[in-house]
1. Just the number, please: carbon plus sulfur as a percent of the accessible area of the stretch 352-404, 1.4 Å probe, no ligands or DNA/RNA counted.
2. First compute the accessible area of the stretch 166-296 with a 1.4 Å probe, then give the percent of it belonging to carbon and sulfur atoms.
3. Rounded, prolate or oblate: which fits the stretch 93-239 when a ≥ b ≥ c are the square roots of the eigenvalues of the alpha-carbon gyration tensor, with rounded for a/c under 1.5 and prolate only if a/b beats b/c?
4. So for the chain, what are the equivalent ellipsoid semi-axes in whole Å, largest first, each being the square root of 5 times an eigenvalue of the Cα gyration tensor?
5. Normalising by the residue count of the stretch 167-283, find the relative contact order in percent from Cα pairs under 8 Å and 6+ residues apart.
6. For a test of the definition: using alpha carbon positions, the gyration tensor, and the 1.5 limit on a/c, classify the stretch 405-458 as rounded, prolate or oblate.
7. Could you give the nm distance between label points at residue 306 and residue 96, where each point is 7 Å from its Cα heading toward the beta carbon?
8. For a protection proxy built on the mean count of beta-carbon atoms within 10 angstrom, sort 181-189, 329-337, 94-102 highest first, please.
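The values are calculated or read from the model by the stated rules, or taken from the named source; none is laboratory data. Quick caveat: nothing in here was measured; it's all calculated off a predicted structure. Reconstructed Cβ throughout: ideal geometry from the backbone, glycine too, with neighbour counts over all protein chains shown. To get the accessible areas, we keep the full protein, side chains included, count just its heavy atoms, and leave off ligands, DNA and RNA. Shrake-Rupley method; radii C 1.70, N 1.55, O 1.52, S 1.80 Å.
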Amino acid sequence: MTESVISDKLLLSDIIGSLSYALDLTEGLPPGHCLRSCWVGMHIGRHYDMDNDALSHLYYTILLKDAGCSSNAARLFELYDADDRTVKNDFKLVDTDSLFQLGKFVLSHVGVGKSLHERVTKMMALAERGEEFARELVSTRCERGADIARQLGFDEEVALGVRYLDEHWNGKGKPFGLVGDAIPVNARIALLSQVIEVFYASGGKEFAVAEVKKRAGSWFDPALVAAFDTAQQATGFWDGFTCDNLQDLVCQLEPHSKVIEIDEQRLDTIAEAFAKVVDAKSPYTYGHSSRVAAYTLAVAKRMGIAPARQQWLYRAALLHDIGKLGVSNGVLDKPGKLDDSEWEQVKAHAFYSEQILSRLNVFAELAQVAAAHHERLDGKGYPHGLVAAQISLETRIITTADIFDAITADRPYRGPIAVPDAIAIMEKECGTAIDPDCLEALKQALPELAAQGFVQLP
């Protein structure tokens, strides 16, 4: 858990650094990948003699490089019929300039566990239109990531750094095929840093250095590879990959003149942006977090929650499902009944939410409240099996809002259920899963929510 404060104010780098762990989950990467990439990239940038403005742009480009990663997850699963997180992770080890490596990857990842016919059908589609699909996936991811960076209030330099992350020095990258210096330098360093971290995690220091040098002039700007070679020989550089206080060290790498303090309004903006990242994971969760936040706020008002606490609770509702970024789309989008293993994956999302949000002191209480939204009054919920006396009113409010949206929204196994029928279903769960007072407050709020366009009443 970390928190850096200047004049008793929370720093933007703390928030983004902590929430970057959610992006690591979506990419199927080890926790801390974005932070380690940032550690690498800032050292490269300094040895490349970047000024403070450029270093600040680089800093947030790397922390947000995967902000759009959830937006292509469903499509990736559709194309590969395999765990999107595994496909994303393993693909980062592939040299896309090598047809042999690409072919080997497809053979080993498409339709794993499916019938021969299903696998061959998927492989033929990828063989025929693989370049088109790859460009589509990268474009979706990078455009969405750039939009998130803009929503968070960052300069256009950061947004463009995220947008052009997958461009290669030789022009064979995606989606635009930019060549050389046409690629923003922060995007060039972000890609280089990402590859270094991935190959270090896969095979260690020597493996990472060798792979980077092999791709100098093709994937990477040779001058940046030279800057990396100088940086990696410095004492302490490789310690950043294994230290326990990496987030604190990465926060210290931000140029002091560019440190940004957070106020309540910007904290809400960040929560709203990451809620969109979560909801982009699956077509069936689109808008879920924002609706749950709206329902939560409406119920909280009628439950007499203080205005300042209402805003805090709104933020918790926006982020309650952030752990779903660690669940495969094969599970999230499955139209049939989940097997035991798949159900365990679903239940794990609440634990992931708690772990991600708990990384920051300012979110410590919020983490407990938000992540407990699947606990039940009768003790049969998850992740901790809490009973009524252990479940706070704030959690009960989010639970009520979450269940209401789950019933009334479209799902892979059924269509949406009308509001009156949803309320009838929820009334049967009063006292076991749902707090009766919270449900009553929700009923009272329905006309207001209908006027706001969130629900349709008969």
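1. 49 percent
2. Carbon and sulfur: 51 percent of the exposed surface of the stretch 166-296.
3. Verdict is oblate for the stretch 93-239.
4. 39, 27, 18
5. 18 percent
6. oblate
7. 5.1 nm
8. Ranked by mean Cβ neighbours within 10 Å, highest first: 181-189, 329-337, 94-102.
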